[in-house]
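Novice: Below you will find the structure I want to go over with you.
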Amino acid sequence: MCSRPENPQERSDSRASLRFREAYPSDQLVVREILQEANLSFYANESNISASGQVGHTCVSVCERGGEIVGVLQWRNLGNEAEILDLAIRLAQRRQGIASFLLREFLQALRGLGIQRIFLEVRESNAPAFSLYRSFGFAISGRRENYYRHPDEAALLLSLKIPG
């Protein structure tokens, strides 16, 4: 995580051999490949990814299975808030609980950083993503017309208050 809690740790789920960790600079090509494969809107590059946790910077967390990166979560540190920019799982690894694992570990890590609220946008037609976020307690807080391109589509704004 950018700006790690006092006792940073990599967490793993031995049942599925999943491991959650902050992305390393050497992970950039794989991170970019997974985001492009998922056709997501935000592509961070090395110049705007920060491990310092500075407010306004982009942070990247990954999920590994068997030493291979299978999921990516990009987010922006906004002080007491965080914005999820992208959550992507390799196509061949989808529907195996990886997105839930990645999001659960991410939320747990944010609690240690003092972040109080998380928000994101999701394509209105992306029922699987909406269902995932809703299962974690995210609620619709707004709608943005024509937010996405290719195809043009509205975004649902979702937010979650993190209990202190």
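Novice: Output the residue which, of all residues in region 127-144 that are within 15 Å of the chain's Cα centre (by Cα) and among the aliphatic types (A, V, I, L, M), is farthest from PRO163 (Cα to Cα).
Specialist: For region 127-144, the residue satisfying everything is ALA129.
Novice: If I filter region 89-104 for residues that are modelled with pLDDT under 95, under 15 Å from VAL31 (Cα atoms), touching a helix residue (DSSP H, G or I) at 6+ places or on another chain (Cβ under 7 Å) and in a strand (DSSP E or B), do I get at least one hit?
Specialist: yes
Novice: Among all residue pairs at least 6 apart or on different chains, which show Cβ distances below 8 Å where the first residue, located in region 149-164, is touching a residue at least 40 places away in the same chain (Cβ under 8 Å) and the second is surrounded by fewer than 16 Cβ atoms within 10 Å (Cβ to Cβ) and part of a strand (DSSP E or B)?
Specialist: SER159/ARG117; SER159/ALA139; SER159/SER141; LEU160/ARG117; LEU160/ALA139; LYS161/ARG117; ILE162/ARG117
Novice: For region 108-156, enumerate the residues that are more than 23 Å from ASN80 (Cα to Cα), hydrophobic (A, V, I, L, M, F, W, C) and surrounded by fewer than 16 Cβ atoms within 10 Å (Cβ to Cβ).
Specialist: Within region 108-156, ALA127, ALA154 meet the criteria.
Novice: Just need a number here: residues in region 73-107 that are without any contact (Cβ under 8 Å) to a residue 60 or more places away in the chain, among the polar types (S, T, N, Q) and surrounded by 15 or more Cβ atoms within 10 Å (Cβ to Cβ).
Specialist: Result for region 73-107: 2.
Novice: Further question: For region 108-130, give me each residue that is within 24 Å of GLU37 (Cβ to Cβ) and in contact with a strand residue (DSSP E or B) (Cβ under 8 Å, 6 or more places away or on another chain).
Specialist: Of everything in region 108-130, those that are within 24 Å of GLU37 (Cβ to Cβ) and in contact with a strand residue (DSSP E or B) (Cβ under 8 Å, 6 or more places away or on another chain) turn out to be LEU120, GLU121, VAL122, ARG123, GLU124, SER125, ALA129, PHE130.
The values are calculated or read from the model by the stated rules, or taken from the named source; none is laboratory data. These numbers come from a predicted model, not from an experiment. Don't worry about glycine lacking a Cβ; one is built from the backbone with ideal geometry, like all the others, and counts go over all protein chains shown.
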